[in-house]
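Reading through the structure tokens given below for one structure.
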Amino acid sequence: MQETINITINKKPVEVEKGTTVYQAARKININIPVLCYMELEDMGVKHNPGGCRVCVVEVEGVKNLMPSCVTKCWDGMNVKTNTARVLNARKTVVELILSDHPFDCLICAKNGTCDLQKMAQDLGIREIHYQGEQSTYREDTSPAIIREMDKCINCRRCETMCNDVQTVGALSGINRGFEAVVAPAFEQNLEHSPCTYCGQCVAVCPTGALTEVDHSNHVLRALADPQKTVVVQTAPAVRAALGEEFGMEAGTLVTGKMTRALRDLGFDYVFDTDFAADLTIMEEGTELLDRLNKHLNGDKNVKLPILTSCCPGWVSFFEHHFPELKDIPSTARSPQQMFGAVAKNYFAEKINKNRKDLVVVSIMPCVAKKYERSREEFANNGDSDVNYSITTRELSHLIKQANIDFNTLEDDDFDKPLGESTGAAVIFGTTGGVIEAATRTAYEIHTGKNLEKVDFEELRGMEGIRKASVDFDGQEIKIGIAHGLGNARKLLENIKQGKSEFHAIEIMACPGGCIGGGGQPLHHGDSSIIKARQKAIYQEDAGKKIRKSHENPFIKELYEEYLGKPGSEKSHDLLHTHYFDRKKRWIKK
Amino acid sequence: MSSVKVELHQKDVDKIKEIAKEYNNDPEALINVLHSTQDHFGYLPAEIQEIVAEETNVSIAKVYGVVTFYSFFTMTPKGRYPISICTGTACYVRGAETVLEEFKRQLGIEVGETSENGKYSINCLRCVGACGLAPVVMVGDKTYGRVSPDGVSDIIAEYEDAE
């Protein structure tokens, strides 16, 4: 049995397990201690507590110095006070010192209103800064997806933990010391020249405006105002499960209907759904899976298994940078964003008699890596990208606010046809485990020729970083692996590299939780219950759908009949598949 | 931090691999590996850090982070006669700063830089354990105690005729 300890915080007694920190104990009895560098996503394997910022200091009876609550472990009989005059004074001093080396451009900062430092200054009632700081400046670094403005860095190092420990990407590290200390790629190169995958988890946890996404919302506004352009929008599944948070709704509130209404009010000519393309992905990827599986079962020794999903651009960049030797293992199917773009700019443009250059495709994504993905050369035709702009859930909320749309009172609306029709299988692409469950629903029926009685594969669901499950394909056992978070993906990839992988198929998502925890989502401020609530909402949307298997989407059938032929056809390959590159940096020429 | 571009030969690469192996390619031993590598090559240019990163299984960004954090590590080659001025507490209060300024003035280089002819470089140290001799200056392995700004030209003169 776990040993327990009794302590008192602000005269309230609390019993905790041995090893609990004062900060965690206080949270247990709803005593809020402010933190800046500390960050934890409970049950999701994300923890960062360097004890560096000293904002969380508390008074402990019998101890001379104030103690940082985020790293101080409780001891029996401990008597803690979290809000004495001495504590508040120390906190103010700490925050004032941080502010003395921080720009004062809050009003025009991208993080205005969502910045942890700003909130801290507000909560502490700071009206004056008694210290003259260095106001150190660094050059701004803009990449296709992420902007680094290190003047605003407070050296909390949360991004460093995400990039190195959670994602094992190793693009960012704390460098130099004193006022010159900053978080940067090796040799202070631009992010673009580092192994950065643009997963955006650094952006998702940055407490200030030091790391933000490249904002394309103004380009979208300009396109909407241009009478020559037909503007088409697609929305990713995870967006509808999180957008409401930006308008004060409880986490996990589904806003699919309000979102489509808002997009129409913003002036988009066609409001479509990335989910349609997710169904299409299942047709292509599922066919590829079955094809490889059948060859394998027929004794073909050259066939590459396991097959890996390829929907997530952060993950694609990860294996291109870190495991280029495995680049022929992932499915060649493009991501839903890119499949949508290709179908819109070819099939749909033809259908409405438009030149593809007059069609502007905008995607709303929970992701910052999608900004990079859309800019990849292979996804353009004569310089015209299949997806012209990709904006995050957060950017969409800004557009809605700018247009003074009263989001909360909007009537529900529906997506347009044909590219707005989707199934429950497509919706669950938004969470870890969803893509492989969707693929299983379709692959099972095609492989066995039988009707799937129960479409819910509970064994594939959950929040553990690495999960495995077996699915019975009518006597044939299919072994499935799931990883979310690139550090977890790395473990499965190392196994594949060593020939030890037991799986037939693996789903990988770069972000913890999958797209619901994406770098472009409303900020979770370290509260993992928000991500879990979004996951619940995704499964709720799936359960409420009339059609829950991708291959039963009538407009997918129509697309194949009218245009593509069948999954894996030459035309499908041309428009819906891709290839990968070795992007590993080598300094020593071999 | 600026760096010098170098072209590494296979034997240099092998040497770094050998050093890393001495420490079992352990990520925890990064600082030791960097120490030994700098001992051998005299400095740690980007190309060398890249190999150290690979051999110790630490990201190149982290390696660069460590190299830029500790003043002992340098990305520029030191001079043949590296001058180290102790600016630890004892030396500092006894005037190390003025001695340092005099070296910088006479040689026309800043801390962490190397003179154009490659002969001298200036670095600061934190306490060499000879506080009784403060302020202390080292040139290579040779130690000079109770140095005053007036004595700087005599120290430099000792090396002027040397290669």
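A single entry from B:69, B:73 fulfils the requirement of being surrounded by fewer than 18 Cβ atoms within 10 Å (Cβ to Cβ) and within 28 Å of residue A:584 (Cα to Cα): B:69. Checked across region A:281-289, the condition of being assigned to a loop (DSSP other than H, G, I, E, B), touching a residue at least 60 places away in the same chain (Cβ under 8 Å) and among the polar types (S, T, N, Q) holds for no residue. Just give me the residues in region A:115-166 being among the small types (Gly, Ala, Ser) and either within 14 Å of chain B (Cβ to nearest Cβ) or under 28 Å from residue A:197 (Cβ atoms) (or both), in sequence order. Those that are among the small types (Gly, Ala, Ser) and either within 14 Å of chain B (Cβ to nearest Cβ) or under 28 Å from residue A:197 (Cβ atoms) (or both): A:143, A:145.
Total residues in region A:326-349 satisfying the condition of being closer than 19 Å to residue A:502 by Cα, in a helix (DSSP H, G or I) and not aliphatic (A, V, I, L, M): the figure is 0. Among the residues of region B:1-57, the one identified as more than 13 Å from chain A (Cβ to nearest Cβ), assigned to a loop (DSSP other than H, G, I, E, B) and among the acidic types (Asp, Glu) is B:26. Checking each residue in region A:188-200 for being surrounded by fewer than 22 Cβ atoms within 10 Å (Cβ to Cβ) and on the phi > 0 side of the Ramachandran plot picks out only A:188.
Here is the figure for region A:187-200: residues that are touching a strand residue (DSSP E or B) at 6+ places or on another chain (Cβ under 8 Å), in a loop (DSSP other than H, G, I, E, B) and within 14 Å of chain B (Cβ to nearest Cβ) total 2.
Considering each residue of region A:241-253 in turn, none proves to be modelled with pLDDT of 95 or more, part of a loop (DSSP other than H, G, I, E, B) and touching a Cys at 6+ places or on another chain (Cβ under 7 Å). Of the residues A:32, A:89, A:112, A:83, the single one that is farther than 28 Å from residue A:209 by Cβ and not in a strand (DSSP E or B) is A:83.
Checking each residue of region B:141-160 against the condition of being closer than 21 Å to residue B:76 by Cα and outside any helix (DSSP H, G or I) gives at least one match. Select from region A:1-23 the residues that are polar (S, T, N, Q) and buried (at least 18 other Cβ atoms within 10 Å of the Cβ) and list them in ascending order. Within region A:1-23, A:20, A:21 qualify. Apart from one condition, residue A:267 fits all of (1) more than 24 Å from the chain's Cα centre (by Cα); (2) touching a residue at least 60 places away in the same chain (Cβ under 8 Å); the exception is (2). Has region A:34-51 got at least one residue that is more than 28 Å from residue A:485 (Cβ to Cβ) and in contact with a Gly (Cβ under 9 Å, 6 or more places away or on another chain)? The answer is no; no qualifying residue exists. Only one entry of A:551, A:573, A:524 meets the criterion of being on the phi < 0 side of the Ramachandran plot, in contact with a Leu (Cβ under 8 Å, 6 or more places away or on another chain) and either not aliphatic (A, V, I, L, M) or not in a helix (DSSP H, G or I) (or both), and that entry is A:524. Determine whether region A:167-182 contains at least one residue that is away from chain B (no Cβ under 11 Å), assigned to a loop (DSSP other than H, G, I, E, B) and touching a helix residue (DSSP H, G or I) at 6+ places or on another chain (Cβ under 6 Å). The answer is no, given that none of the residues of region A:167-182 is away from chain B (no Cβ under 11 Å), assigned to a loop (DSSP other than H, G, I, E, B) and touching a helix residue (DSSP H, G or I) at 6+ places or on another chain (Cβ under 6 Å).
The residues on offer are B:114, B:89, B:56, and the sole one that is surrounded by 17 or more Cβ atoms within 10 Å (Cβ to Cβ), modelled with pLDDT under 95 and at negative phi is B:114.
For region A:458-497, filtering for residues that are assigned to a loop (DSSP other than H, G, I, E, B) and either under 19 Å from the mean Cα position of the chain (by Cα) or surrounded by 20 or more Cβ atoms within 10 Å (Cβ to Cβ) (or both) leaves 6. If you check residue A:71 against the conditions, is it in the same structural domain as residue A:40 (by TED's automatic domain parsing), surrounded by 12 or more Cβ atoms within 10 Å (Cβ to Cβ) and closer than 30 Å to residue A:212 by Cβ? Yes: the conditions hold for residue A:71. Residues in region A:201-221: is at least one part of a helix (DSSP H, G or I), surrounded by fewer than 24 Cβ atoms within 10 Å (Cβ to Cβ), of a type in the set (A, V, I, L, M, F, W, C) and within 14 Å of chain B (Cβ to nearest Cβ)? Checking region A:201-221: not a single residue is part of a helix (DSSP H, G or I), surrounded by fewer than 24 Cβ atoms within 10 Å (Cβ to Cβ), of a type in the set (A, V, I, L, M, F, W, C) and within 14 Å of chain B (Cβ to nearest Cβ).
Just to be sure before I move on: is residue A:267 more than 14 Å from chain B (Cβ to nearest Cβ), over 29 Å from residue A:581 (Cα atoms) and among the small types (Gly, Ala, Ser) in the structure I sent? Criteria met by residue A:267. When the residues of region A:416-440 are filtered to those that are surrounded by fewer than 24 Cβ atoms within 10 Å (Cβ to Cβ) and not small (Gly, Ala, Ser), the one that is nearest to residue A:313 (Cα to Cα) is A:421. Does at least one position in region A:216-239 carry a residue that is over 23 Å from residue A:374 (Cα atoms) and touching a Ser or Thr at 6+ places or on another chain (Cβ under 7 Å)? No: zero hits. Please go through region B:131-151 and give me each residue that is within 21 Å of residue B:71 (Cβ to Cβ) and in contact (Cβ under 8 Å) with a residue 40 or more places away in the chain, ordered by number. The answer is B:131, B:134, B:135, B:136, B:137, B:138, B:139, B:140, B:147. Filtering A:91, A:27, A:86 for residues that are of a type in the set (D, E, K, R) and buried (at least 19 other Cβ atoms within 10 Å of the Cβ) leaves a single hit, A:91.
Close Cβ contacts (under 6 Å, 6 or more residues apart or on different chains) running from residues in region A:183-195 that are farther than 9 Å from residue A:141 by Cβ to residues that are assigned to a helix (DSSP H, G or I) and among the small types (Gly, Ala, Ser) comprise A:186/B:61; A:187/B:46. For residues that are part of a strand (DSSP E or B) and touching a Gly at 6+ places or on another chain (Cβ under 8 Å), scanning just region B:58-94, find the one that is farthest from the other protein chains (Cβ to nearest Cβ). Taking the candidates together, the pick is B:81. When region B:136-154 is filtered for residues that are under 19 Å from the mean Cα position of the chain (by Cα) and surrounded by 17 or more Cβ atoms within 10 Å (Cβ to Cβ), the ones remaining, listed by number, are B:136, B:137, B:138, B:139, B:144.
The values are calculated or read from the model by the stated rules, or taken from the named source; none is laboratory data. Every value quoted in this text rests on a predicted model; they were computed, and no experiment measured them. Note that each Cβ is placed from the backbone with ideal geometry, even for glycine, and that neighbours are counted across all protein chains shown.
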